[in-house]
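Contents: one structure, followed by commentary.
The values are calculated or read from the model by the stated rules, or taken from the named source; none is laboratory data. What you see is a predicted model; the values in this text were computed from it and never measured. These accessible areas exclude ligands, DNA and RNA; they are computed on the full protein's heavy atoms, side chains included. Shrake-Rupley method; radii C 1.70, N 1.55, O 1.52, S 1.80 Å.
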Amino acid sequence: KLNDPSRALLGEAQEQWIVDQLTASQQARATWAVFGNQVLMARIQLPRRDKLSPITQAAIDKAWPDFSAGMALQVQGLPPALDSWNGYPAQRSRFYRMLEESDANVIVMTGDSHAAWANELWSDDGRTRVGDEFGVSSVTSLSLADARVQSPDIDYVKLMTLAGGEVKWTEPHKRGFT
């Protein structure tokens, strides 16, 4: 069901509106096309266990068992954060193709992750950067890293940026910072 192309965060009318707006933006020679977005769009991945030190593996198992479970599920083909665009890969691919075909300079501004993010959005074949995403942190709410990571042996930022995917930077600990 994960890869079912009919699963969608956006409806057909919204997709068409985006295509129309991108076309109008390009015709107006706009420098940027900025999209407000509700949840992280980038391909978020967790690190592979075999790439972690034994100390880090043990610390994650003890302090953050659901992160461990997520790493195990990812090996089976189930990405983390299914309530983000990771849960809608077919629609994300369509959206990225729209961005690529528009040739616009796209910035996606995203909320609802309780952390700050800088992500590069790449076409499915990995050849074309179709945009950049900036995720804004919460003002007061804790991030998952704040709530779960209590061990100095767990470097959350390193875990998320070295795992692959489109994450280039994240800051889960400072509030109101982007």
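With the full set of protein chains in place, find how many percent of the accessible area of region 1-141 is carbon and sulfur; take the probe as 1.4 Å.
For region 1-141, the apolar C and S fraction of the accessible surface comes to 53 percent.
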Crossing angle, helix 89-102 versus the chain [Cα axis fit, 0-90 degrees, rounded to tens]:
50
Cα-based reach from Lys174 at 18 Å (exclusive), listing aspartates and glutamates while leaving out same-chain residues under 8 positions away
Asp112, Asp146, Asp155
Checking the cross-link filter: which lysines have an alpha carbon closer than 21 Å to that of Lys62, excluding same-chain neighbours under 8 positions apart?
Lys51, Lys158
Candidate aspartates and glutamates - alpha carbon under 18 Å from Lys1, same-chain residues fewer than 8 apart omitted:
Asp83
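Counting only DSSP beta bridges with both residues in region 68-178, what percent are antiparallel, rounded to the nearest 5?
Once the DSSP bridges in region 68-178 are tallied, antiparallel ones form about 70 percent.
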Probe of 1.4 angstrom, ligands and nucleic acids ignored: what's the accessible area per residue over region 50-162, in square angstrom?
51
On a 0 to 90 degree scale, rounded to 10, what angle separates helix 12-27 from the longest Cα axis of the chain?
70
Name the most mobile residue of Asp125, Asp66, Asp146, meaning the one with the largest mean-square fluctuation, in a Gaussian network model of the chain with Cα contacts below 10 Å.
Asp125
